[in-house]
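Step one of this worksheet: look at the structure below.
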Amino acid sequence: MSTAAIIPAAGFGVRLGGEAPKAFREVGGESLLVHAVRGLRAATAADLTCFVIAVPPGSEDVVLKLLEPYVGTATLQVVAGGTERTDSVRAALDLVPTEGIDCILVHDAARSFVPVAVIERVVAAVRSGAPAVVPVVPVTDTIKRVDPVGKVVDTPDRSALVAVQTPQGFEPSLLRRAHAAEGLGATDDAMLCERLGVTVQTVEGSEDAFKVTRPRDLILAESILAERRS
Ligand code: CTP
Ligand code: MG
């Protein structure tokens, strides 16, 4: 049995700014998307045999050529993404083979530096029987719930909160059922599974799996890469 990886990479990266869509922005001379693919490939225990990448419409051919050298023996398909992240994942999911895959990973191109150990933990948990798995890290800020005019409603107990990363791992038929349902307002794929009443399991994530979101995140990314290359 093997794993398929869906990479939503179709966002523009409004908060990051710049000319090119975020997945094409470079760190250490290579795009975030290339770093993300290489990271997944390095997780050999995942047995990745299939990549499906959702990209900004019109860039499909360019991305196919760009990534071909990095996928090894795995298959590579590239599809136009949609308006929301959920639409992009759904478009990619339609291309994942229905046979021979026991785990589907959904991994943000923008979390380009996730360590191998995190990827392998997620896949191992799915293979051990958890239908939906997310890597998490503790929340360091105090989080408050606020009303529409900015007044604090309450302060959830921080020890019961975690920040969620990717790759998220799923038993394939569950992910398909989750995406067949209404996806409005979903900010990750696990949330769609929760809406079906499925219990989502957490595994330990990593600070290195942070999402490149704002310009200063590129500085952190450069420094992680430099550390790994030294
Ligand atoms: N994504 C996608 N399709 C969309 C929106 C987002 O495939 N319609 C992808 C992004 O490319 C990214 C991941 O989902 O890899 C997480 O999204 P985010 O970090 O929010 O990226 P952007 O939406 O590009 O950034 P911003 O919200 O700042 O515009
Ligand atoms: Mg976004």
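For beta carbons closer than 8 Å, sequence separation of 6+ or different chains, a first residue in the range 22-43 that is over 14 Å from Val212 (Cα atoms) and a second that is hydroxyl-bearing (Ser, Thr, Tyr) and within 16 Å of ligand 2 (Cβ to nearest atom), the qualifying pairs are Gly39/Ser112. Each residue in the range 146-166 was checked for being loosely packed, with under 10 Cβ neighbours inside 10 Å and either part of a loop (DSSP other than H, G, I, E, B) or of a type in the set (Lys, Arg) (or both), and 6 pass. Within the range 54-87, restricting attention to residues that are within 16 Å of ligand 1 (Cβ to nearest atom), in a loop (DSSP other than H, G, I, E, B) and not small (Gly, Ala, Ser), the residue that is surrounded by the most Cβ atoms within 10 Å (Cβ to Cβ) is Pro56.
Just wondering, is there one or more residues in the range 27-45 that are surrounded by fewer than 22 Cβ atoms within 10 Å (Cβ to Cβ), more than 19 Å from Gln165 (Cα to Cα) and touching a strand residue (DSSP E or B) at 6+ places or on another chain (Cβ under 6 Å)? For the range 27-45, residues surrounded by fewer than 22 Cβ atoms within 10 Å (Cβ to Cβ), more than 19 Å from Gln165 (Cα to Cα) and touching a strand residue (DSSP E or B) at 6+ places or on another chain (Cβ under 6 Å): absent.
Let me confirm something: among Ser173, Ser206, Ser223, which residue is closer than 24 Å to Ala36 by Cα and over 18 Å from the mean Cα position of the chain (by Cα)?
Ser223
How many residues, within the range 1-24, are assigned to a loop (DSSP other than H, G, I, E, B) and within 14 Å of ligand 2 (Cβ to nearest atom)? Here the count works out to 10.
Values quoted throughout were computed directly from the atomic coordinates according to the rules given, and no laboratory measurement underlies them. Since we're looking at a predicted model, the values are computed, not measured. Note that we place each Cβ from the backbone using ideal geometry, even for glycine, and neighbour counts take in every protein chain shown.
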